[in-house]
Amino acid sequence: MHFTSEQRLDDGVLAREFTLGEIPGTLWTPESAPAPLILMAHNNGLPKAQPRLVARARYCAAYGFAVATIDAAGCGDRPRSAADEQARADLRRALRAGEPVDEIFESLVAPLVENAAPEWRTALDALLALPEIGGPVGYSGWTALGIRLAAVEPRIAAAGFFAGGYVPHAQREEARQVTIPLLFLLQWDDEGNPRQRALDLFDAFGTKEKTLHANLGGHTGTPWFEADDGNRFFGRHLM
């Protein structure tokens, strides 16, 4: 892991950019160390620099967690395969035409998850070797990736999922293998996420400790107080 820049923010959080081979990432750490780690990913491979993710990460770090995110293979600004680019073009066309998009999302998101999960685990190995990081690991954000990581990565002790992204069929099956404490956020009127599908997914999770928070509003309307609830959730399980 090679740190390429660092900035001390006005809330005391240290923000550092890093590279790990071809993997670019950002690490936010609080003034107190060592701190428990939260891996934070945006839905369906959006960039690690996406403003909403950065705001959540900073808020979480100011609470006392180390927070890390990466642009994994095919995500963010990293190169995409020809198949990915074709799926994105097909998706834009179908959305403009008002056509069904589930099959297109399946062809786009399923490979993203398959390619991203190993790189997130590689990043986790490197992050846990840092002296400023210690204790259990949490995961927050992109549901499809989080399901895969929770199913295969025993170091993740708790997770917070956002129900707003497409979840491939393989991850809907893997949801039964998720047995860690879980907080699931659902926007009740999310125009791109059928409500019943999200409720069925919540039902499928195998954990005995799962909480559903549902709020009125569309995809980007998650109330900010959910960030406080998320910090308290991770505080119970990681600190």
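General remarks:
- Site pair THR179 and THR122 shows an inter-label distance of 3.0 nm when each label is modelled 7 Å from Cα along Cα→Cβ.
- Shown are MET239, MET1, whose ranking by accessible area with a 1.4 Å probe and every protein chain present, most to least, is MET239, MET1.
- Axis angle, to the nearest 10 degrees, between helix 102-128 and the longest C-alpha principal axis of the chain: 10 degrees.
- For the range 141-239, applying the loop criterion from DSSP together with a ceiling of 16 other beta carbons within 10 Å to the GluC sites (Glu not before Pro) yields GLU191, GLU209.
- Modelled this way, with points 7 Å down the Cα-to-C-beta line, the labels at ARG172 and ARG58 are 3.8 nm from one another.
- Given R0 = 25 Å, the distance between the Cβ atoms of ASP229 and LEU199 translates into a calculated FRET efficiency of 0.80.
- Of the residues TRP224, TRP28, TRP188, the one with the largest accessible area comes first in the ranking TRP224, TRP188, TRP28, computed with a 1.4 Å probe on protein heavy atoms.
- Label sites at ARG93 and HIS2, each approximated as a point 7 angstrom past Cα along Cα to Cβ, lie 4.1 nm apart.
- Loop GluC sites (Glu not before Pro), the range 1-89 (other Cβ atoms within 10 Å of the site Cβ: 13 or fewer; DSSP): GLU22, GLU31
- Oblate is the label for the range 73-204, because a/c, from the alpha-carbon gyration tensor with a ≥ b ≥ c as root eigenvalues, is 1.5 or above and a/b does not exceed b/c.
The values are calculated or read from the model by the stated rules, or taken from the named source; none is laboratory data. Quick caveat: nothing in here was measured; it's all calculated off a predicted structure. Using ideal geometry, Cβ is built from the backbone for each residue, glycine included, and neighbour counts are taken over all protein chains shown. What goes into the accessible areas is simple: the full protein's heavy atoms, side chains included, and nothing from ligands, DNA or RNA. Shrake-Rupley method; radii C 1.70, N 1.55, O 1.52, S 1.80 Å.
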